[in-house]
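A.B. asks: Below is a structure I'd like to ask you about.
The values are calculated or read from the model by the stated rules, or taken from the named source; none is laboratory data. In this text the structure is predicted, and so the values were computed from the model without any measurement. Glycine gets a Cβ as well: all are built from the backbone with ideal geometry, and neighbour counts include every protein chain shown. Quick note on the areas: whole protein, heavy atoms, side chains included, nothing else; ligands and nucleic acids left out. Shrake-Rupley method; radii C 1.70, N 1.55, O 1.52, S 1.80 Å.
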Amino acid sequence: MKNQNRRWAWWMLVLLFWTVSGVVLAQGAGERPELTAGHKKMLDWCGQYTITGKTFTSPFGPGREIKGKWIGKPILDGFAIEGTYFYEGKGPSGETQAREISTYDPATNTYQYVFLSNNGYREQAPFTVDGPVAAWEGTQVIGGKPIRFRGRDKDLPDGTGFVRTGEFSTDGQTWQPNIECRHIKVTPAGDEQELVRLQEVWCRAEVEKDTAALRRILADDFAIVTSEGDVITRAQMMHSDEHTLTSLTARDLKVQLYGDTALLRGIAAWTEPGGKSSEIVFTDTWLKRDGRWQCIISHESAHREIVAPEKTPGYEMLKRLVGDGTYEGHWEQTPLGAAGKFTGQFFSRFVLGGSFVQERWEEVYESGETASGITIFRYDPERQTIVASGFGSDGSTYTAVYTFDGNTLTTTFRQIPAEGEPSLVKAAWKYSPDWASFTSTWQLSRDEGKTWKPLGHYEGRNRKD
């Protein structure tokens, strides 16, 4: 439950890279330029990589072993790529999660990246690619002092990934090591990444009514079966003046490959000129013809209007509960269960248009047993509190009222087990100032709140949005 990473100036960042990439929209009804060799090389980098290695003590942080993963995907019709880092523990600059966007400028044959982390660290630099080596150099101000940094990625001879090395200098003349790690690709780029890219092209083409792009990616016999049962052909979709959108995006994309056939599932959300927002779940069937993927049919379902979460009552309070994370701690011996250490993870999301937050949690105990549950949070406008209903895999249930006092969340509720007598439980979560980590303490009463005994405690942190 615990916090939502602050993402600042994201669209300004996208706009910056759109400009740097040198991609200019053709005037009138013309098509966008084709991807250059430099852009296509970036697509080759996409995929999922495991990260193992170490950092050396430097102005960027203390030396430590690092372990995590990097997931890269194409954005902006393939003219840029977005990479997301997830670390087990802390990364090179102390982050647990980070994102970067890389672009290519054909005019100068150079690349550019901007790196943003969830601990506030930001880095930006140009880089060049010469055969198997990508190299970069830049300046970062740390503690009011400029620090030079440089690094390179060198492809492994067997093509399984690359080795990253980095150095820093406080005087621009002498250099010391900063990082050394391996990135090994576990999910290669290829057809899956190309289908994700084509889905982004499709979304953009519908908004801009780019019929040339739609002809490239939609087969002649393409049709959409809507959630109302209507069938819309490619010609009808491209020439209809009624289907006008101000925005269209696709998310949660899943690709299943079967040779030259692929299924792509996801959620599409759009906004109409009047401001009405809607979303559908879709399944597309693609065929690879003459080396090129084309969609032959799309099926839509579960159409419903959605409301922007920030417009819903209690959004500012509920959003503090949104995020994914991990925690670990210790439960005491009580009638509710045995004593022992445990680890857990949670996944919290806005649902039903932003009116509720749903949290799924899972715990593993040192005995080998596991438990899981679901909690639904809603905002009570009369009391200006959060009301939660929880359900455990052991059959237990509870209803609780949560209140915030600064960075502390507290509640007292009656835990009702599947068997046995109910108990009163008191819990508190104290968050760090940036909402990135928390500690939680629990107490138990078997005499209706007259006396309280320790039930357990744990510490955790947010892992990703």
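A.B. asks: Out of all the residues in region 180-196, is one or more over 25 Å from the mean Cα position of the chain (by Cα) and farther than 24 Å from Thr103 by Cβ? So that I can check it myself, show each step before the final result.
C.D. replies: Here is the first cut: in region 180-196, the residues over 25 Å from the mean Cα position of the chain (by Cα) are 180.
Then keep just the ones that are farther than 24 Å from Thr103 by Cβ; that gives 180.
Yes, region 180-196 contains a residue that is over 25 Å from the mean Cα position of the chain (by Cα) and farther than 24 Å from Thr103 by Cβ.
A.B. asks: Moving on to the next point. Just to verify a result, which residue in region 301-318, among those that are open to solvent by less than 60 Å² (accessible area, probe 1.4 Å) and in contact with an Asp or Glu (Cβ under 9 Å, 6 or more places away or on another chain), is modelled with the lowest pLDDT?
C.D. replies: Step one: filter region 301-318 for residues open to solvent by less than 60 Å² (accessible area, probe 1.4 Å), giving 301, 306, 308-309, 312, 314-315, 317-318.
Then keep just the ones that are in contact with an Asp or Glu (Cβ under 9 Å, 6 or more places away or on another chain); that gives 306, 314.
Details: Ile306: 51, Gly314: 81.
Step by step, filter region 301-318, then rank; the result is Ile306.
A.B. asks: Only one of (1) surrounded by fewer than 21 Cβ atoms within 10 Å (Cβ to Cβ); (2) at pLDDT 90 or above; (3) not hydroxyl-bearing (Ser, Thr, Tyr) fails for Ile101. Which number is that?
C.D. replies: Result: Ile101 passes all but (1).
A.B. asks: Lys69 - would you say it is open to solvent by 40 Å² or more (accessible area, probe 1.4 Å), assigned to a loop (DSSP other than H, G, I, E, B) and either basic (Lys, Arg) or in contact with a His (Cβ under 6 Å, 6 or more places away or on another chain) (or both)?
C.D. replies: Values: open to solvent by 40 Å² or more (accessible area, probe 1.4 Å): yes; assigned to a loop (DSSP other than H, G, I, E, B): no; either basic (Lys, Arg) or in contact with a His (Cβ under 6 Å, 6 or more places away or on another chain) (or both): yes.
When the stated conditions are applied, Lys69 does not pass them.
A.B. asks: Suppose we keep only residues that are modelled with pLDDT of 85 or more and touching an Asp or Glu at 6+ places or on another chain (Cβ under 6 Å) within region 270-284. Which one would you say is surrounded by the fewest Cβ atoms within 10 Å (Cβ to Cβ)?
C.D. replies: Once the filter is applied, the top-ranked residue is Ile280.
A.B. asks: Right, something else. Only one residue in Glu421, Glu362 is in contact with a strand residue (DSSP E or B) (Cβ under 8 Å, 6 or more places away or on another chain) and at negative phi, so which one is that?
C.D. replies: Glu362
A.B. asks: Scan region 353-373 and report the pairs whose first residue is modelled with pLDDT under 80 and whose second residue is open to solvent by 60 Å² or more (accessible area, probe 1.4 Å) and in a strand (DSSP E or B), with Cβ atoms within less than 9 Å and a gap of 6+ or a chain change.
C.D. replies: Gly353/Arg304; Gly353/Glu305; Ser355/Arg378
A.B. asks: Working carefully through the options Asp434, Asp447, find the one that is among the acidic types (Asp, Glu) and free of Cβ contacts under 8 Å to residues at least 24 places away in the same chain. Don't jump to the end; show me each part of the working.
C.D. replies: Working: Asp434 fails: free of Cβ contacts under 8 Å to residues at least 24 places away in the same chain.
On inspection, the qualifying residue turns out to be Asp447.
Listed here are the residues, each with its yes/no results for (1) of a type in the set (Val, Ile, Thr); (2) within 23 Å of Tyr365 (Cβ to Cβ); (3) surrounded by 15 or more Cβ atoms within 10 Å (Cβ to Cβ).
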| residue | (1), (2), (3) |
| --- | --- |
| Tyr398 | no, yes, yes |
| Gly406 | no, no, no |
| Phe413 | no, yes, yes |
| Trp429 | no, yes, yes |
| Ser432 | no, no, no |
| Trp435 | no, no, yes |
| Arg446 | no, yes, yes |
| Gly449 | no, no, no |
| Tyr458 | no, yes, yes |
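A.B. asks: Of the residues in region 218-242, how many are under 19 Å from Glu200 (Cβ atoms) and at pLDDT below 85?
C.D. replies: Going residue by residue through region 218-242, those that are under 19 Å from Glu200 (Cβ atoms) are 218-219, 222, 224, 234, 237-238.
Next cut, at pLDDT below 85 only: 237-238.
Selection size over region 218-242: 2.
A.B. asks: Please return the ranges of strands (runs of 3 or more DSSP E) entirely within region 111-188 where 1 or more residues are within 22 Å of Gly89 (Cα to Cα) and of a type in the set (S, T, N, Q). So that I can check it myself, show each step before the final result.
C.D. replies: Working: elements: 122-130, 133-142, 145-155, 161-169, 176-187.
Here the list reads 161-169, 176-187.
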